1. If we keep just the residues of the range A:293-305 that are buried (at least 20 other Cβ atoms within 10 Å of the Cβ) and either within 30 Å of A:H130 (Cβ to Cβ) or at pLDDT 95 or above (or both), which is farthest from the other protein chains (Cβ to nearest Cβ)?
2. Looking at B:K244, B:K268, B:K289 in this structure, which one is closer than 24 Å to B:I162 by Cβ, away from chain A (no Cβ under 14 Å) and not acidic (D, E)?
3. Considering only the range A:192-239, state which residues are part of a helix (DSSP H, G or I), free of Cβ contacts under 8 Å to residues at least 40 places away in the same chain and polar (S, T, N, Q).
4. Take the residues of the range A:172-211 that are closer than 18 Å to A:I302 by Cα and crowded, with 22+ Cβ neighbours inside 10 Å: which is farthest from the other protein chains (Cβ to nearest Cβ)?
5. Give the residues of the range B:319-348 that are surrounded by 24 or more Cβ atoms within 10 Å (Cβ to Cβ) and over 19 Å from A:F143 (Cβ atoms), sorted by residue number.
6. What are the residues in the range A:141-167 that are facing another protein chain (nearest Cβ under 10 Å) and either under 21 Å from the mean Cα position of the chain (by Cα) or hydrophobic (A, V, I, L, M, F, W, C) (or both), if any?
7. Among what's in the range B:331-348 and is closer than 15 Å to A:D331 by Cα and free of Cβ contacts under 8 Å to residues at least 12 places away in the same chain, pick the residue that is nearest to the other protein chains (Cβ to nearest Cβ).
8. Quick one: would you say A:T308 is touching a Ser or Thr at 6+ places or on another chain (Cβ under 8 Å), buried (at least 17 other Cβ atoms within 10 Å of the Cβ), within 16 Å of A:S171 (Cα to Cα) and within 13 Å of chain B (Cβ to nearest Cβ)?
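The values are calculated or read from the model by the stated rules, or taken from the named source; none is laboratory data. Computed from a predicted model, the values in this text were never measured in an experiment. A quick note on method: Cβ atoms are made from the backbone with ideal geometry, for glycine too, and the neighbour counts reach across all protein chains shown.
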There are 2 protein chains.
Amino acid sequence: MKNIHVVIWGFGAMGKGMADMLLTKKGVEITGVCDRNPAIINTSIFSLLEEPKRNHPDVIITDDITTLLDKEICDIVLLATDSFTKNAFPKMKQVLEAGINCISTAEEMAYPKAQEPELAKELDAIAKAHNVTLLGTGINPGFIMDLLVIALSGTMKRVDHIEANRVNSLSPFGPAVMEEQGVGITLEEFHQGVDSKTLAGHVGFAESIQMIADALGVPLTRFEQQMKPIVTTVDRKSPYGEAKKGHVAGVNMTGQGYVGNDVFIDMKHPQQIEPEMEGTHTGDYITIKGVPEINMGIQPEIDGGIGTIAMCVNMIPHVLNSKPGLKTMIDLPVPRAILGDMRDLIDS
Amino acid sequence: MKNIHVVIWGFGAMGKGMADMLLTKKGVEITGVCDRNPAIINTSIFSLLEEPKRNHPDVIITDDITTLLDKEICDIVLLATDSFTKNAFPKMKQVLEAGINCISTAEEMAYPKAQEPELAKELDAIAKAHNVTLLGTGINPGFIMDLLVIALSGTMKRVDHIEANRVNSLSPFGPAVMEEQGVGITLEEFHQGVDSKTLAGHVGFAESIQMIADALGVPLTRFEQQMKPIVTTVDRKSPYGEAKKGHVAGVNMTGQGYVGNDVFIDMKHPQQIEPEMEGTHTGDYITIKGVPEINMGIQPEIDGGIGTIAMCVNMIPHVLNSKPGLKTMIDLPVPRAILGDMRDLIDS
């Protein structure tokens, strides 16, 4: 049986991490990488990766995806280029129309129905027409604040209220994230960034909250989210970020899904550099009121970068086994680490 | 659209709990209950339940399952009669051969391939021949020490070692469990009980460990388990149990799945009455070494009785939607609480 053939589209931190991870797995092969960054086009991926080449064929980065979208050399595309459904849409359309399965890292694609219901319908129709599957996933949205909440609720007779908190550190991240999250800027700059929508904050509350509501069968009456600065009272410094006392060390995102006038799903996601310097301990926390009551903690938080990389790679067999169409994490079997040959996980 | 029709076979604590839970749900109806206990045959289930009758038709308990195994009145049987596959086998066979789906609470049925591979094959063939689905589930095995471990591993690039600990209290349980777990007996009686196999301890390590190994694609070289007494140093008393100082307050079950000569999956499951009296705090704990490392805790532990009841009821839609055959929790989408109309979860 031939290896599973994977093409990676987008070779930033996520794409590179997926390549590194795939190189450690059996029964799978990277058959192409596409990126538009002129600095890396026509280079071997092995000059950019941590994993050595070993027995894997060389892969030269191209900026022309069309040469890679061939069923003979590609079973699935891992698309790691965008955060928003509408930006990823033409790329996903192109992949699906070539008759190839696709996993997207775009945060909104974790539950595209939440904010882009029309595009979600269109993607589902295109995937079905070409007999392939499309999935959006990642650590969050995609797992921590949605799928894990949903799975835990499966042990409950009754659910009255859901709270999910993800308290994480931005210290491991690079300059792009520092900029997106406003690390080091003044309060005034922060408020300007929020007004002009140049500060991203966390993308995913709308998706996580709608995924939970739909999975549990709860009609939401309203969704809200807020974005507040985390102002440091001490000087903080991380490898790529620096926030002086009184400046912004990160962003506190909060979001709520209402049933009637009551908050039914409550989310808090503070992200900052060096949280320990002011006594904040990172972790993922889920509290579900009901019968029985559930109080879960994961300390420290599951690493966002590695987690997203792993979720995308680990979901490959589930996507290849799935019925055609646009799927979300609640439609497919639970994710799992792949320690054996990936081909053994494919339904015959 | 008609309600989903559920028959409950076995009306002990689990069966009654499922009935109570079903009565709080929309789009589902209990169309029959079978039990062989003479004390309850020909009684209305409502004389035995906590939930009031409301608009639900009356249900009289019968000891004749054949009258209930009719597709017109039954979409699925919840079978809550046994712990072991071979004891539940003839019952499951009868249900499947009537063309009816089935969920079993038998601990071994959570992953019957582990200890009864021949019966598992036969059940799969029978279910497929009659175009129906069979699932074994429960809180543990079925969720805490297996499915949840597997789901968390989905966020990992590499897994080196898995530890799952479930520290729970037996205090809420009744006289049957006190006897099965040896609460109150002497050390000598305990060792006799282990030798004569009259003490059950926890049934499920073989299933949980094999489920994890298969899900991750790890070939195990060996499985072992041990059963040790928890001897109390103080007098302990629970509603249905009593252990004097020096006597047995519960059972400490431990189990290991080996790869080569190393323990790859390590399980600890101490169960006792009044654990707090000697400073033991109950909870569910999962530690997975690898990249990234995961340390999860749920405190207190998810209630075993309610959890099993909820898992069985909450999996009904997934079983009705599934392809035919014998399925396990790793084949189906994640469990979830059902807060809306159960019929809305059925694929059209």
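1. A:E301
2. Sole residue among the options that is closer than 24 Å to B:I162 by Cβ, away from chain A (no Cβ under 14 Å) and not acidic (D, E): B:K268.
3. Of everything in the range A:192-239, just one residue is part of a helix (DSSP H, G or I), free of Cβ contacts under 8 Å to residues at least 40 places away in the same chain and polar (S, T, N, Q), namely A:Q192.
4. A:F205
5. Within the range B:319-348, B:L326, B:T328, B:I338 qualify.
6. The answer is A:G142, A:F143, A:I144, A:L147, A:L148, A:V149, A:I150, A:A151, A:L152, A:M156, A:V159, A:I162.
7. Within the range B:331-348, the match that is nearest to the other protein chains (Cβ to nearest Cβ) is B:D331.
8. So A:T308 fails the test.
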